[in-house]
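The values are calculated or read from the model by the stated rules, or taken from the named source; none is laboratory data. Source: prediction; values computed, not measured. Note that we place each Cβ from the backbone using ideal geometry, even for glycine, and neighbour counts take in every protein chain shown. The accessibility values were calculated without ligands, DNA or RNA, using every heavy atom of the protein model including side chains. Shrake-Rupley method; radii C 1.70, N 1.55, O 1.52, S 1.80 Å.
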Amino acid sequence: MAPITNGRLIFKEIPTGERYPIPGKTTVYDATSTIDLENEPLDGSVLVKTLVLSVDPYLRGKMRAPERQSYTPPFFVGEPLYNFGVGKVVRSENSAFKAGDHVYGVLDFAEYFIPKDITKLEVIVRPEPTLPYSVYVGAAGMPGQTSYYGWKEYAKAKAGEVVFVTTAAGPVGSLVVQLAKQDGLKVIASAGTDEKVKFCKEIGADVAFNYKTTNTADVLAKEGPIDIYWDNVGGPTLETAIANTALQARIIICGYISQYNGEEDYGIKNIKNVLFNQLSINGLYVTAHHERYKDEFYQVIPKKLASGEFKYTEDITRGLESGGEAILEVQKGLNTAKKIIVVADD
C-alpha cells in the first residue's frame with residue numbers, strides 16, 4: 001500500500017501576550033506528513049488509528065515554555081498535541097494488543113500514530129457496549145473519573161447538606177451534580193449560558209443560575225451556607241464560596257479556568273475564613289486516585305450512563321483540521337457540552 005496522508009494538529013507556538021490559543025498560530029493543522037500503514041516500523045509498539053479525542057480545559061496549561069513547572073508536562077513546539085482518546089489498533093508487535101482492539105489512553109492529535117510509551121494505552125473492555133466510544137473520553141473517561149474520584153475521596157457528603165458546583169453543565173461538574181443528588185444533597189449549580197443552566201436543572205440541580213447575569217454572592221447568601229464547594233474556576237468565585245461556607249465545609253479544587261489564559265493571578269482576600277470556619281481544602285488530581293477507585297468507577301458509572309440514570313451531553317467537532325477551533329471554544333466557554341473531536345469513524 002502506498003503511503004497516505006497522516007493529518008496532525010501541531011503545537012506551533014507558545015502563546016505570548018495573548019489570552020487564548022489561536023488556531024493557525026498556536027496550533028496548526030499539518031497535512032504534509034505521510035504514513036505507510038503496512039510497512040511503518042513499529043519497534044515493538046502498535047499502530048493506532050485515532051477515532052475520538054477529548055478536549056479539556058487543562059490543555060491550555062500545557063501550552064507553556066518547557067522550563068515552567070506545573071503538575072502536567074508541557075507540549076513541545078513542532079510536535080503534535082496529545083490527550084485522552086480512543087483509537088483502533090491497525091497493526092501490533094506487542095502481545096498485549098492485537099489488530100482490531102479498541103484502546104483508551106493518551107493519543108497524539110494525529111490520524112495515525114505509534115506510541116513511544118505503550119503503557120499509556122489499555123484495551124477497552126466496554127462494560128456497556130451501547131455507549132458510543134466518545135463517552136469513554138467524557139462521562140465514562142477521565143472527566144467522569146475526576147468527578148467520581150474527587151467526590152468519593154473528599155466530599156464526605158451527608159444527606160441534607162448543600163453543595164455548590166461551578167461549570168456545572170460541563171463533563172466534570174454535571175456528574176458531580178448527579179452524584180450529589182444521589183447522595184441526598186441540595187445542589188446549587190452555576191453555568192455560563194441559559195442553555196447550560198437548563199441542563200443543570202434537567203440533571204437535578206435544586207438551584208441553577210447563569211453567573212454572567214446573576215450575582216453569585218447573592219445566590220449563595222440566599223441558598224447557603226454551603227457545606228461543599230466543587231471549584232472548577234478559581235479566582236473571585238472561589239473567594240465568594242469561601243465567604244459563604246458553613247462550619248467544617250469541604251472545598252475541592254478541581255480546576256481554575258478563570259486563570260488559564262494570561263489573566264493575573266487572583267489573590268484570595270478572605271483566606272482567614274479557612275481558620276474561622278475550620279475548612280478543609282483539597283486539590284484534586286485524577287491519576288493520584290486511579291488505584292483506589294478505577295475498578296469501582298467502571299463497575300458503576302457506565303451502567304448508570306447507559307440506563308439513563310445519569311445523563312451526559314456532547315459537543316462534537318469533526319476532523320483534526322478543526323481541532324484548534326475546538327480547543328479555543330473550550331477556553332472561551334463557547335462549547336455547549338463535553339467537547340470531543342471525532343477524527344474518524346470506526
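Tally up the residues in the stretch 183-202 that are in a strand (DSSP E or B), out of contact with any Asp or Glu (no Cβ under 9 Å at 6 or more places or on another chain) and not hydroxyl-bearing (Ser, Thr, Tyr), please. The total comes to 1. Might you check whether a residue that is among the β-branched types (Val, Ile, Thr) and either open to solvent by 30 Å² or more (accessible area, probe 1.4 Å) or free of Cβ contacts under 8 Å to residues at least 40 places away in the same chain (or both) occurs anywhere in the stretch 157-166? The answer is no; no qualifying residue exists. Residues that are polar (S, T, N, Q) and assigned to a loop (DSSP other than H, G, I, E, B) within the stretch 287-346 comprise Thr313, Asn335, Thr336, listed in sequence order.
One residue alone among Ser190, Ser174 is small (Gly, Ala, Ser), out of contact with any strand residue (DSSP E or B) (no Cβ under 7 Å at 6 or more places or on another chain), within 24 Å of Val137 (Cα to Cα) and at pLDDT 95 or above, and that residue is Ser174. Among the residues making up the stretch 45-67, those that are at pLDDT 95 or above and more than 24 Å from the chain's Cα centre (by Cα) are Ser45, Val46, Leu47. Filtering Ala205, Ala180, Ala217 for residues that are part of a helix (DSSP H, G or I) and either buried (at least 19 other Cβ atoms within 10 Å of the Cβ) or of a type in the set (Ser, Thr, Tyr) (or both) leaves a single hit, Ala180. Taking the conditions (1) of a type outside the set (Val, Ile, Thr); (2) surrounded by fewer than 19 Cβ atoms within 10 Å (Cβ to Cβ); (3) in a strand (DSSP E or B) in turn, Leu107 satisfies each one other than (2). Regarding the stretch 76-98, can at least one residue be identified that is open to solvent by 50 Å² or more (accessible area, probe 1.4 Å), outside any loop (DSSP other than H, G, I, E, B) and more than 26 Å from Ser322 (Cβ to Cβ)? Yes, the stretch 76-98 has at least one match.
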